[in-house]
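Read through the structure below, which is laid out as structure tokens, and then see the notes.
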There are 2 protein chains.
Amino acid sequence: MPLVAQPLFVIPLPLPLVRPGDDLGALVASALGGIELAAQDVVVVAQKIVSKAEGRYVRLSDVQCTEEARALAARLDRDPAMVTLVLQESAHVVRAEPQALIVQHRLGYVMANAGIDQSNLDPMAEDGPAVLLLPEDPDASAARLQERLGTLLGMRLPVIVSDSFGRPWRRGSVGVALGVSGLPAVLDLRGAADLFGRALQITIAGFADQIASLACLLMGEGAEGIPAVLVQGLSWSAPAGTGADLLRPVQEDLFR
Amino acid sequence: MPLVAQPLFVIPLPLPLVRPGDDLGALVASALGGIELAAQDVVVVAQKIVSKAEGRYVRLSDVQCTEEARALAARLDRDPAMVTLVLQESAHVVRAEPQALIVQHRLGYVMANAGIDQSNLDPMAEDGPAVLLLPEDPDASAARLQERLGTLLGMRLPVIVSDSFGRPWRRGSVGVALGVSGLPAVLDLRGAADLFGRALQITIAGFADQIASLACLLMGEGAEGIPAVLVQGLSWSAPAGTGADLLRPVQEDLFR
């Protein structure tokens, strides 16, 4: 399974501010206008705009706080409504400290605050401050966007729904693929021969996560944030996978 | 600290097979011939070719095995000479299982086998099989390569010495920056305002690791491996850092 060895071209796709109910596929297709596309050009969209289009806002004043969340919020000096939402979105808590609340999200991701976003949300919204949950099912979001692009462009471009995670051992957040459709999420290199025909030591590459990290370099986080990116020049022959392929089963996780 | 929002262009740099004592800067400079360069174009070189140029080979038949390594090798069903080298290169063992020997390298990286490479090494070498250690000091290697490129090209292009690591929680190896010279390793986003002027939740980006992941997409691992990559289109205003900036101090590591 050779990876690519031709140049990559990575194009930022500026979009208007995305609102609930927006046709994200139409916005992305419009941003792709004028670009000559190939079948393995990958569209990477930030989780945040997918959640916005899907209307995954929750007003903090609407949250019914649980006792468990109130106790944890008091210990961490955090908002009880926010902690309630984090716990509702999580399978279990990995670490709870004043500096960080790390959980395993119900979909398996290990991340801070269950991915609930308090930034870049309009604080002047008339019904009080809201936060933004992850998409209900990022793999399904990616598949829907791929289908929609197929309808609008005549090309079912592969799609990654990306986010940015902190991680163990190393400082700095890096891009990760939450949802994947139309491309492999991991590449199994176990069949590949090395230069002298022996088996390779590193056997599985986090293909979609590396593409998400690449996209994150363009997306940034601040006011200049670019919410979508097109990556041209990748190629693969492995079958398509899903973001779930990137979740390491606990029983094979030797890195902790 | 805005990240970039212009297109990126990522160019593979094929090199001849690198041998001990080779002038890696001259090989890279030659591969860059004909490319119009800018001051913030980043050269990413795979750790393996840096180690080869630095002659970091060890013949397994030359290793004096320790008792500790013999015992561990027996338990893991591994070669005692290889385990001896892994332990010599490590500060401590994180996990020792038949499937994986995860250590903290003496330079701080948490990785399998202390980064010692048994693949892509010529098994027909006359003195028996050899393995390849990490560079003695990847930050120093990056700085030397940056200096050498400055001498040869008149431009001190920023340099990353990259590797590919497995990681906790998620499947698939991804690129990491071992050595960094001439660019920031992490970008502190804490001063950046979001779209509505509030503080950002994710505050430190693993800038050089994300560039290494990008490069890994081109480098691959197999016979088609490309050992060096040029990344054009990035920009930054933060001061340069080192690969050591990416090592998370244990006391602030909440993700394990």
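The values are calculated or read from the model by the stated rules, or taken from the named source; none is laboratory data. All values derive from a computational prediction rather than experimental measurement. No Cβ is skipped: glycine too gets one built from the backbone with ideal geometry, and neighbour counts run over all protein chains shown.
When region A:152-176 is limited to residues that are more than 11 Å from chain B (Cβ to nearest Cβ) and of a type in the set (G, A, S), the one that is farthest from A:A112 (Cα to Cα) turns out to be A:G154. Note down all Cβ pairs under 6 Å where the first residue falls in region B:34-51 and is among the small types (G, A, S), the second is part of a loop (DSSP other than H, G, I, E, B), and they're at least six residues apart or on different chains. What qualifies is B:A46/B:P227; B:S51/B:P135. Whether a residue is in the same structural domain as B:L157 (by TED's automatic domain parsing), among the polar types (S, T, N, Q) and either under 20 Å from the mean Cα position of the chain (by Cα) or more than 21 Å from B:S213 (Cα to Cα) (or both) was assessed, and B:Q99 does not pass this test.
Tallying residues that are more than 25 Å from A:S164 (Cβ to Cβ) and either of a type in the set (A, V, I, L, M, F, W, C) or touching a Pro at 6+ places or on another chain (Cβ under 7 Å) (or both) within region A:47-62 yields 0.
Please find, within region B:177-196, the residue that is farthest from B:P138 (Cα to Cα) out of those that are facing chain A (nearest Cβ under 7 Å) and at pLDDT below 95. My answer is B:F196. Scanning region A:197-256 for residues that are polar (S, T, N, Q) and modelled with pLDDT of 90 or more yields A:Q210, A:S213, A:Q232, A:S235, A:S237, A:T242. Filtering region A:212-244 to residues that are in a helix (DSSP H, G or I) and within 7 Å of chain B (Cβ to nearest Cβ) leaves A:S213, A:L214, A:C216, A:L217, A:L218. Considering every residue within region A:112-120, establish whether at least one is in contact (Cβ under 8 Å) with a residue 24 or more places away in the chain, away from chain B (no Cβ under 12 Å) and surrounded by fewer than 21 Cβ atoms within 10 Å (Cβ to Cβ). No - not one qualifying residue is present in region A:112-120. Specify which of the listed residues (B:S164, B:S90) is within 18 Å of the chain's Cα centre (by Cα) and in the same structural domain as B:V180 (by TED's automatic domain parsing). Answer to the selection: B:S164. Of all the criteria given as (1) in contact (Cβ under 8 Å) with a residue 40 or more places away in the chain; (2) surrounded by fewer than 21 Cβ atoms within 10 Å (Cβ to Cβ), the one not satisfied by A:E67 is (1).
The residues in region A:89-101 that are over 27 Å from A:L17 (Cα atoms) and touching a residue at least 24 places away in the same chain (Cβ under 8 Å) can be counted, and the count is 4.
Just so you know, in region A:14-69 the residues that are in a loop (DSSP other than H, G, I, E, B) and of a type in the set (V, I, T) include one that is farthest from A:H92 (Cα to Cα), and it is A:I35. Only a single criterion out of (1) in contact with a helix residue (DSSP H, G or I) (Cβ under 8 Å, 6 or more places away or on another chain); (2) part of a strand (DSSP E or B); (3) within 14 Å of chain A (Cβ to nearest Cβ) is not satisfied by B:F9, namely (1). Scanning region A:127-142 for residues that are touching a residue at least 40 places away in the same chain (Cβ under 8 Å) and either outside any strand (DSSP E or B) or under 14 Å from A:V159 (Cα atoms) (or both) gives A:D127, A:G128, A:P129, A:L133, A:L134, A:P135, A:E136, A:D137, A:P138, A:D139, A:S141, A:A142.
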